[in-house]
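The values are calculated or read from the model by the stated rules, or taken from the named source; none is laboratory data. Remember, it's a predicted structure, so these values are computed and weren't measured experimentally. So basically every Cβ, Gly included, is an ideal-geometry build from the backbone, and we count neighbours across all protein chains shown. Please note that ligands, DNA and RNA were not included when accessible areas were found on the heavy atoms of the full protein model with its side chains. Shrake-Rupley method; radii C 1.70, N 1.55, O 1.52, S 1.80 Å.
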Amino acid sequence: MPRLLIVAHAPSPNTRRLREAAERGARHPDIEDVEVVVMPPLETGPEDVRACDAILLGTTENLGTMSGALKDFFDRSYYPVLEEQQGLPCALYVRAGHDGTGTRRAVESIVTGLRWKWVQAPLILRGEWQEGFANQVEELAMALAAGLDAGIL
Ligand SMILES: Cc1cc2nc3c(=O)[nH]c(=O)nc-3n(C[C@H](O)[C@H](O)[C@H](O)COP(=O)(O)O)c2cc1C
């Protein structure tokens, strides 16, 4: 069964809602044949990346770039997965208080190095919290899982 790995940093109530929305979308009842694994970045690493068939990354923007937790995940995973996981379908959501572009750029450059394949453009959830943010993340995760289920990723 294909596996979707969700690696999401969630240090606040809002970002926990985003991670829950991602899991809800990926586990949509119509999607039957996809295994979903949800992990905080500090608790996952190259073994989980090697074992997955698509990856959804979620992070806050802190001090102009991705969270230290997601950066640490990449620091530990980059070389161990570099050869094996080229072409891995990926997507990203960023919760940013006011910007998000630095995080987007930083993750894009790592994804380019890893030769992962963007399934959708990065989703930047910027500014004041909006109820619709969770729906957007839910849809993004659902699209990834549905693509895996249909064998088109
Ligand atoms: C130390 C720190 C640095 C931050 N730096 C940025 C930043 O550079 N750009 C930005 O858009 N938001 C920044 N933020 C805001 C966070 O992205 C935001 O608080 C986080 O995504 C949680 O969102 P929430 O308040 O909706 O839970 C920062 C927050 C903290 C605590």
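In summary, strands (runs of 3 or more DSSP E) completely within the range 1-112 and bearing 3 or more residues that are within 16 Å of the ligand (Cβ to nearest atom) occur at 54-62, 89-96. Cβ-Cβ contacts under 8 Å between residues 6 or more apart (or on different chains), taken from a first residue in the range 78-105 that is among the acidic types (D, E) to a second residue that is more than 9 Å from the ligand (Cβ to nearest atom), are listed as E84/R50. Residues in the range 128-147 that are touching a residue at least 24 places away in the same chain (Cβ under 8 Å) and open to solvent by 20 Å² or more (accessible area, probe 1.4 Å): W129, N135, Q136, E138, E139, M142, A143, A146.
When restricted to residues that are open to solvent by less than 30 Å² (accessible area, probe 1.4 Å) and within 25 Å of I31 (Cβ to Cβ), the range 93-106 contains 2. Taking the criterion of being more than 12 Å from the chain's Cα centre (by Cα), open to solvent by 30 Å² or more (accessible area, probe 1.4 Å) and at negative phi, the only residue of the range 114-123 that qualifies is K117.
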